[in-house]
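Undergrad: Got a structure for you, written out below as structure tokens; questions coming shortly.
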Amino acid sequence: APIGKLEDNDDENSLLLFSSYGGCKKFVQYPISQKTKDGLAEGKFKVTTDIQRASLPHTLCGRDILGAAKTGSGKTLAFIIPVLEKLYRARWGPEDGVGCIIITPTRELAGQIFDVLNLVGKRHGFSAGLLIGGRKDVEVEKESVNDLNILVCTPGRLLQHMDETQNFDCSQLQILVLDEADRILDVGFKQALNAIISQLPKKRQTLLFSATQTKSIQDLARLSLKDPEYISVHKEH
Ligand code: ADP
Ligand code: MG
């Protein structure tokens, strides 16, 4: 397969070549870092699911996407892999601060994403934090939040840090993920999300994943997606 020739450090331009071949079946066939491949192997992930296979060629090229696939179809890995690769290729390090923000509607979902991130991202040197409110003391969190590379958050707690944490800095953000995007874009989170988005740099990659295809043009406009790729698997009959 032509993709087998691509090296770990190939930039996004050479990955465009890869995207024209469509996704491969196995993770080992993808042009991703050995560190990520090792993490996937440790998690016993070998074969891609439909949404992973359909989205990885685009997300790994740095494109914005809207990915829709039913619950249980493997959307978490579909965004964890491009997140890790984006920061890896940018040679992101401890000094570089927040490079990725993943937003999800509930604490439970955030916890699950954090676990997958720690498993698959174990070989990378990135620091990750779970910002979800509840039991953890926000004052303690404020001291460490600027040292984290990847934030997994609920909208409310992220906004609290944006409003209250001294020197909270996400000006170098490389990639934003909205998991369960249809729920986050819903009225309940509207104000919080608008306030969050307004504080993020516009030059970034944005990945939206949900169980249903988000159709609202307004929603997409307020997220300032750039020529998003619409990917939908398991269409409703
Ligand atoms: P979704 O977010 O679409 O509801 P999840 O990301 O939570 O789905 O994944 C559902 C389940 O599928 C999890 O138990 C996860 O470990 C498993 N899974 C995801 N991708 C793969 C894969 N490529 N191979 C095997 N199991 C997978
Ligand atoms: Mg999910």
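The values are calculated or read from the model by the stated rules, or taken from the named source; none is laboratory data. Remember, predicted model here, so these are calculated numbers, not experimental data. With ideal geometry, Cβ positions are generated from the backbone for all residues, glycine too; neighbour counts draw on all protein chains shown.
Undergrad: Does any residue in region 177-189 that is among the small types (Gly, Ala, Ser) come within less than 7 Å, Cβ to Cβ, of a residue that is within 16 Å of ligand 1 (Cβ to nearest atom) and assigned to a loop (DSSP other than H, G, I, E, B) six or more places away or on a different chain, and which pairs are these?
TA: These pairs meet every condition: Ala181/Thr214.
Undergrad: Now a separate question. Restricting to region 85-124, name every residue that is within 22 Å of Pro201 (Cα to Cα), away from ligand 2 (no atom under 16 Å from the Cβ) and either part of a loop (DSSP other than H, G, I, E, B) or among the aromatic types (Phe, Trp, Tyr) (or both).
TA: Passing the criteria: Tyr88, Ala90, Arg91, Trp92, Gly93, Gly97, Val98, Gly99.
Undergrad: I've got another one for you. Identify all residues within region 35-65 that are part of a helix (DSSP H, G or I) and either without any contact (Cβ under 8 Å) to a residue 40 or more places away in the chain or within 16 Å of ligand 2 (Cβ to nearest atom) (or both); write none if there are none.
TA: Lys37, Ala41, Asp50, Ile51, Gln52, Arg53, Ala54, Ser55, Leu56, Pro57, Thr59
Quick grid of which residues meet (1) surrounded by 14 or more Cβ atoms within 10 Å (Cβ to Cβ); (2) in a loop (DSSP other than H, G, I, E, B); (3) modelled with pLDDT of 95 or more; (4) not basic (Lys, Arg):
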position: Phe126; (1), (2), (3), (4): yes, yes, yes, yes
position: Lys136; (1), (2), (3), (4): no, yes, no, no
position: Val145; (1), (2), (3), (4): yes, no, no, yes
position: Asn167; (1), (2), (3), (4): no, yes, no, yes
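Undergrad: Quick one: count up the residues across region 112-140 that are away from ligand 1 (no atom under 12 Å from the Cβ) and within 24 Å of Glu85 (Cα to Cα).
TA: Residues meeting the conditions: 13.
Undergrad: I would also like to ask the following. In region 62-91, how many residues are more than 16 Å from ligand 1 (Cβ to nearest atom) and either closer than 23 Å to Ser216 by Cα or surrounded by fewer than 22 Cβ atoms within 10 Å (Cβ to Cβ) (or both)?
TA: Qualifying residue count, region 62-91: 8.
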